[in-house]
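Here's the structure we're looking at; comments come further down.
What follows draws every value from the coordinates through simple rules; no lab data is involved. These figures come from a predicted structure and were not determined experimentally. Cβ: placed from backbone, ideal geometry, glycine included. Neighbour counts: every protein chain shown.
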Amino acid sequence: MNLGKSSDKLSVVVAGVPRSYQNPFADGRWLTDDHIARIKNISPRISLTHMTENELLCGDLPPHTADVLLIEASGDEPYGDEISAPNMAKLLTPNLKWIQSCSSGVGHILDLELIDAGVQLTNAAGVHADALAESILAAILFRAKNLRQRIDNQNNKVWQELHCTELTGQTLTIIGTGKIGVEAARRAKAFGMCTVGIRSTAIPAEHFDDVYAQKDLLQALAVADFVVIACPLTNETRGMIGARELASMKPSSYLINIARGKIIDDDALLSAVTSGQISGTFLDALTEEPLPKSHPFWDTPGITVIPHDSHSSPKIGDNIITVFTENLRRFVAGARLFNQVDVSKGY
């Protein structure tokens, strides 16, 4: 990789606010003084610019075109202070050499088909793993201990004993054995659960009792008491959970999606829940976000919807900067970056 002369400036542009970042500044920026210092300390060559979605909408551009771009992009659906597709396109100049996404999943970026073949793309895999794994276990306990019914009973002043589930010996099937899946499995083992993973090939993975290849998805779903979707959105996983897959699950099973909404067929899921084919679902990721008020998911018993923020944590910014600065150090040194995305696979 040709990074130019050692005296040349290296233009680093940060754009967009990471989703669920808890303390963005009023002007639409999120880097703290500590974050800025950590980035600049990598090399005296670095020239750092922090751009917002609003500035780009108004026609403002970085004073120097980006060599390196750290971005939270919304893809083709504008969302909050994330960088929309038209504004992302403004930042993708011929000088650009590397894009670091603030998100683990990058399917929404790849779908735009804006990135030149010579530009490296890295994701933030692992940044949200702990927070997401905790949310997965919270969703499991929410269902197992009938917490929704308990809250409703308190609101209605109803004293009612409920039948709950004990997690020991229950089977958790996780679609995706990456960092999120591994952390969720590790926590599930602490509850005495049996853990089953699904990945492209049946290679053993840490904290999983068994691993199935994706071609054996129906078998892995059939043994599950809880199913978690924790895989990236790719051409292979888009619509992966449909009527056939839901029909293979136990009537008592519970589906949790913390990945991407388009992995599930919404109509098939709605039918499966309303018919009692599965016991319910916890959806942190939806096909359309924000979810329209008219969508039946809001009012259907057995469906819990949250606004794609199960990764929420006060550590988001620090975790992203840790990943980015390590990769920036490697980039300056001409070394191989980690968390590189294989564009052909989509992750």
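Worth a mention:
- Greater than 21 Å apart at Cα, pairs in LYS145/LYS189; LYS262/LYS293; LYS145/LYS262: LYS145/LYS262
- Each residue, LEU61 and ARG238, gets one label point 7 Å from its Cα in the Cβ direction; the gap between the two is 3.1 nm.
- Each residue in GLU134, GLU77 was given a count of other beta-carbon atoms within 10 angstrom of its own, and listing them fewest first yields GLU77, GLU134.
- Reach of LYS40 by Cα under 20 Å, taken over lysines that are not fewer than 8 positions away in the same chain: LYS5, LYS9, LYS97
- Extension gain for ALA247-ALA89 works out to 52.7 nm (0.36 nm per residue, less the C-alpha to C-alpha distance).
- Going through (i) 21.6, 74; (ii) 27.0, 85; (iii) 20.1, 76, the figure that equals Rg and Dmax of the Cα atoms in Å as computed for the structure here is (i).
- LYS189 versus ALA37: modelled label distance in nm, points set 7 Å from Cα along the beta carbon direction: 3.9
- Packing-based ranking, highest mean first, of 23-30, 269-276, 213-220 given that Cβ atoms within 10 Å are counted: 269-276, 213-220, 23-30
- Average Cα contact separation per residue, the chain, under 8 Å, 6 or more apart, as relative contact order %: 16
- Computed from the alpha carbon atoms alone, the convex hull of region 129-305 holds 117 Å³ per residue.
- Here the Debye sum runs over all C-alpha atoms of region 201-347 as equal scatterers in vacuum, and log10 of I(q)/I(0) at q = 0.15, 0.22 Å⁻¹ comes out as -0.90, -1.41.
- Virtual spin-label span in nm between VAL119 and ASP267, 7 Å along Cα→Cβ: 3.6
- Remark: region 196-210, residue by residue, has Karplus-estimated 3J(HN,Hα) of 10, x, 10, 9, 4, 10, 7, 8, x, 9, 4, 6, 10, 6, 8 Hz, where x stands for each Gly or Pro and the curve is 6.51 cos²θ - 1.76 cosθ + 1.60 at θ = phi - 60°.
- Convex hull of region 96-155 built on C-alpha atoms - directionally averaged projected area, nm²: 6.3
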